[in-house]
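Q: The structure is given below, and queries will be raised subsequently.
The values are calculated or read from the model by the stated rules, or taken from the named source; none is laboratory data. These numbers were taken from a predicted model, which means no experiment stands behind them. Glycine gets a Cβ as well: all are built from the backbone with ideal geometry, and neighbour counts include every protein chain shown. Heads up: the accessible areas ignore ligands, DNA and RNA and are worked out on the full protein's heavy atoms, side chains in. Shrake-Rupley method; radii C 1.70, N 1.55, O 1.52, S 1.80 Å.
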Amino acid sequence: QVHLVESGGGFVQAGASLRLSCKAPRTILSTFTSAIWGWYRQAPGKQRELVATLTGGRDTNYAESVKGRFTISRDNSRKTVYLQMNSLKPEDTGVYYCNRHGQEFPWGQGTQVTG
């Protein structure tokens, strides 16, 4: 079973930065570079929402609420997807997850960001 591992969350003040990481397991090495990867977040009491996507061709897309502040990227050699979050706001609080967008694997534990 695919096991995605997110990390890098924490408690931050407004305006601070964090970088989240998502390590993909070896079992999906062959599809890592071609897949569309996404970062999602779930705020308390709300449904999970998509905040950023990254295609195999490195095209990116962002939710309006994070545009200009968040950057999604990946390191193919490390099979890791990142989310650089700058100028954090209290409303960015939530559990952040990564997954293959459109063909999701079982969800990981996520990483908590509290602002």
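Q: May I ask you to say which residue of 52, 35 is more than 14 Å from residue 103 (Cα to Cα) and either in contact with a helix residue (DSSP H, G or I) (Cβ under 9 Å, 6 or more places away or on another chain) or modelled with pLDDT of 95 or more (or both)?
A: That would be 52, the only listed residue that is more than 14 Å from residue 103 (Cα to Cα) and either in contact with a helix residue (DSSP H, G or I) (Cβ under 9 Å, 6 or more places away or on another chain) or modelled with pLDDT of 95 or more (or both).
Q: Can you tell me how many residues within the range 1-32 are charged (D, E, K, R) and over 21 Å from residue 103 (Cα atoms)?
A: Residues in the range 1-32 being charged (D, E, K, R) and over 21 Å from residue 103 (Cα atoms): 1 in total.
Q: Something else now. Can you confirm whether residue 41 is of a type outside the set (Asp, Glu), in a strand (DSSP E or B), open to solvent by 60 Å² or more (accessible area, probe 1.4 Å) and touching a residue at least 60 places away in the same chain (Cβ under 8 Å)? Write out each step before concluding.
A: On the way: of a type outside the set (Asp, Glu): yes; in a strand (DSSP E or B): yes; open to solvent by 60 Å² or more (accessible area, probe 1.4 Å): no; touching a residue at least 60 places away in the same chain (Cβ under 8 Å): yes.
No.
Residue-by-condition table, conditions (1) touching a strand residue (DSSP E or B) at 6+ places or on another chain (Cβ under 6 Å); (2) in contact (Cβ under 8 Å) with a residue 24 or more places away in the chain:
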site	(1), (2)
2	no, yes
11	yes, yes
19	yes, yes
22	yes, yes
28	no, yes
35	yes, yes
59	no, no
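Q: Identify all residues within the range 73-102 that are polar (S, T, N, Q), without any contact (Cβ under 8 Å) to a residue 60 or more places away in the chain, open to solvent by 20 Å² or more (accessible area, probe 1.4 Å) and in a strand (DSSP E or B); write none if there are none.
A: 73, the sole residue that qualifies.
Q: Further question: Could you check, for the range 7-17, whether at least one of its residues is farther than 19 Å from residue 94 by Cβ, over 11 Å from the mean Cα position of the chain (by Cα) and surrounded by 15 or more Cβ atoms within 10 Å (Cβ to Cβ)? Please lay out each step first, then the result.
A: Looking only at the range 7-17, we keep the residues that are farther than 19 Å from residue 94 by Cβ, and these are none.
Within the range 7-17 (the criterion being farther than 19 Å from residue 94 by Cβ, over 11 Å from the mean Cα position of the chain (by Cα) and surrounded by 15 or more Cβ atoms within 10 Å (Cβ to Cβ)), the answer is no, since none of the residues qualifies.
Q: Would you mind finding the one in 47, 1, 13 that is at pLDDT below 90 and assigned to a loop (DSSP other than H, G, I, E, B)?
A: Within the list 47, 1, 13, the selection yields 1.
Q: Which one of these is over 20 Å from residue 32 (Cβ atoms) and either open to solvent by less than 70 Å² (accessible area, probe 1.4 Å) or touching a residue at least 24 places away in the same chain (Cβ under 8 Å) (or both): 105, 70? So that I can check it myself, show each step before the final result.
A: Details: 105 fails: over 20 Å from residue 32 (Cβ atoms).
Residue meeting the stated conditions: 70.
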